Amino acid sequence: MSNGGGGTPATATPEHSLERWLAHLESLHPRGQAGIELGLERVQRVKRELGQHPQCPLVTVGGTNGKGSTCAYLEAIYRFAGYRVGCYTSPHLLKYNERVRIDRTPVDDASLCEAFARVEATRQAAGDVALTYFEFGTLAAIEVFRVREVDVMILEVGLGGRLDAVNAYDPDCAVVTGVALDHTDWLGSTREAIGFEKAGIFRAGRPAVCADPEPPQSLLAHAQAIGADLHLLGRDFGYFGDRLQWAFWRHGGRRRSGLANPGLRGACQLRNASAALVVVDLLGQRLPVPMQAIRRGLIELDLPGRFQVLPGRPVIVLDVAHNPQAVGVLADNLGDMAFSNKTIAVVGMLADKDIAGSLAPLAGKVDTWLLADLDVPRGASAAVLAAAVSGAGLPGRVECFASPRQAFARSAELAEENGKIVVFGSFYTVAAVMHSMQQGR
């Protein structure tokens, strides 16, 4: 990995614009935002020099899918309980500030720039450590939280767990929402291999939560080997309910009944919400939370791009689903919606994803496929997506476009008033469509 040298000079100050800082972060790796260099040595070195030793409770949330939702529930619950909450997630959809939030609000440019300046000065003083975009951003997020003196930090793991930059921080409670096949080039090609990487965020003697209904043996074995206090879905906690309400239970803990269904859509949200409630219980002595905060936190929230159904006709659904498990959940959620005449899919994906496997759950549910090039590192072409649709024998008309924006514009021409437009496949795809809608075209 090399320092590209572009962007912000050694004499940089916080007054540099956020755009310039982000350009500098990208310059530190030949592949910019897409640069991945697993390992903790670099980030730990700068972390030590910064003197980052969080004193408040810290929660890390990993897993293949459901991380963002679980973080959002925790963030909302703790905020409604009156705590100052720092939440770090990735990637963002429209603005980088979305990644670093205080009390559910993206931090301002000035706070980010000041944090970036401190990390940059320390990085250079420590020997010009070559951080990736994500590593630099993680260090800066903790700097923001430290300056603002938050009461609790919630950190979403970026990729895997064991070697992810977030794992440089010791959690008071760690969550693995689930384990499925994704990022196989980095994490391994089996659930057992990936499960071991995810379990790397667990700590000896500290609470660890796994909300996967069938956790890999590797995750269980690692938790036992290090002596983590493991809490498993179905054994130590769980949920049940119907379309009107649900209940959460935990062995040795208080049962919570009569809960309104979560504000985020989809059957999988009960599992994500349950994982959040286990954390709330396990950290209850340090962070007491009243029942009213739990009720409000579960329903008074939204998370853009996670089965987000926009008002109006035709129905437009935005979902960042980009692997077989997530698209399977998307397909189930679409099946639960009211009948629509025709469904149009706007799809753009990264080339290193399981494209055929991700499209398969929508077999027979899509009438027209509008496939788009993604002009980003690792982006797949529309032609590659079209070959996957054809190779899998998926029914429906296929059209190819140079961008998600063009594909979405075409969907508006084709959609019937009682139809449905589903945008999915990548954060980049959903972000492009959201930008297009903001600009009115």
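The values are calculated or read from the model by the stated rules, or taken from the named source; none is laboratory data. Predicted, not measured: the structure shown is a model, and the values here were computed from it. Note that each Cβ is placed from the backbone with ideal geometry, even for glycine, and that neighbours are counted across all protein chains shown. Surface accessibility is based on the protein's heavy atoms, side chains included, excluding ligands, DNA and RNA. Shrake-Rupley method; radii C 1.70, N 1.55, O 1.52, S 1.80 Å.
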In Å, the Kirkwood hydrodynamic radius from C-alpha pairs for the stretch 198-288 sits at 13.9
One quarter of the C-alpha convex hull surface, i.e. the mean projected area of the stretch 125-264 in nm², amounts to 11.4
Length-normalised contact order of the chain, Cα under 8 Å, at least 6 apart, in percent, tallies to 14
Residue span ASP352 to ASN418: 0.36 nm per residue of separation minus Cα-Cα distance leaves a gain in nm of 20.3 nm
If every Lys and Arg gets +1 and every Asp and Glu gets -1 at its Cβ, then about the Cα centre the chain yields a dipole, in debye to the nearest 20, of 900
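With charges set only on the Cβ (+1 for Lys and Arg, -1 for Asp and Glu), what does the dipole of the stretch 43-89 come to about its Cα centre, in debye to the nearest 20?
On the way: 6 positive and 2 negative charges, 25 e Å.
Computed about the Cα centre, the dipole is about 120 debye.
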Expected unfolding gain across MET437-ALA121 under the 0.36 nm per residue rule, minus the alpha-carbon gap, is 109.8 nm
In the stretch 26-114, the trypsin sites (Lys or Arg not before Pro) that sit in a DSSP loop and have at most 16 other Cβ atoms within 10 Å of their own Cβ are ARG31, ARG84, LYS95, ARG104
Descending packing, highest mean Cβ count within 10 Å first, for 161-172, 300-311, 359-370, 281-292 is 161-172, 359-370, 300-311, 281-292
Stokes-Einstein, Kirkwood over Cα pairs, the stretch 17-124, 4 °C, 1.567 mPa s; D in µm²/s equals 83
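Among LYS365/LYS420; LYS67/LYS420; LYS47/LYS95; LYS353/LYS420, which pairs are too far apart, with a Cα-Cα distance over 18 Å?
The answer is LYS67/LYS420; LYS47/LYS95; LYS353/LYS420.
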Projected onto the charge dipole of the chain (unit charges on the beta-carbon of Lys, Arg, Asp and Glu, signs +1, +1, -1, -1), the Cα from GLY160, SER340, GLN52 with the largest positive-side position is that of SER340
In terms of the charge dipole of the stretch 38-118, which places +1 on Lys and Arg and -1 on Asp and Glu at the beta carbon, the residue among THR64, CYS87, VAL100 farthest towards the positive end is THR64
Among GluC sites (Glu not before Pro) in the stretch 120-207, those in a DSSP loop whose Cβ has at most 14 other Cβ atoms within 10 Å are GLU149
Projecting the Cα atoms of PRO215, VAL176, HIS251 onto the charge dipole of the stretch 146-271, where Lys and Arg contribute +1 and Asp and Glu -1 at Cβ, the residue farthest towards the positive end is HIS251
Taking only C-alpha positions in the chain, Rg and Dmax in angstrom work out to 21.5, 62
Both in Å, the radius of gyration and Dmax of the C-alpha trace of the stretch 311-367 are 11.6, 35
For GLU98 and HIS53, extending 7 Å from Cα along the Cα-Cβ vector and measuring point to point gives, in nm, a value of 3.7
In the chain the accessible area split gives carbon plus sulfur, as whole percent at 1.4 Å, a share of 49
Measuring from its Cα centre, the stretch 227-279 shows a charge dipole (+1 at each Lys and Arg Cβ, -1 at each Asp and Glu Cβ) which, in debye to the nearest 20, is 140
Applying the gyration tensor rule to the Cα atoms of the stretch 37-183 (axes a ≥ b ≥ c; rounded if a/c under 1.5, else prolate if a/b exceeds b/c, else oblate), the class is oblate
The stretch 304-441: Kirkwood hydrodynamic radius (Cα pairs, Å) comes out at 14.4
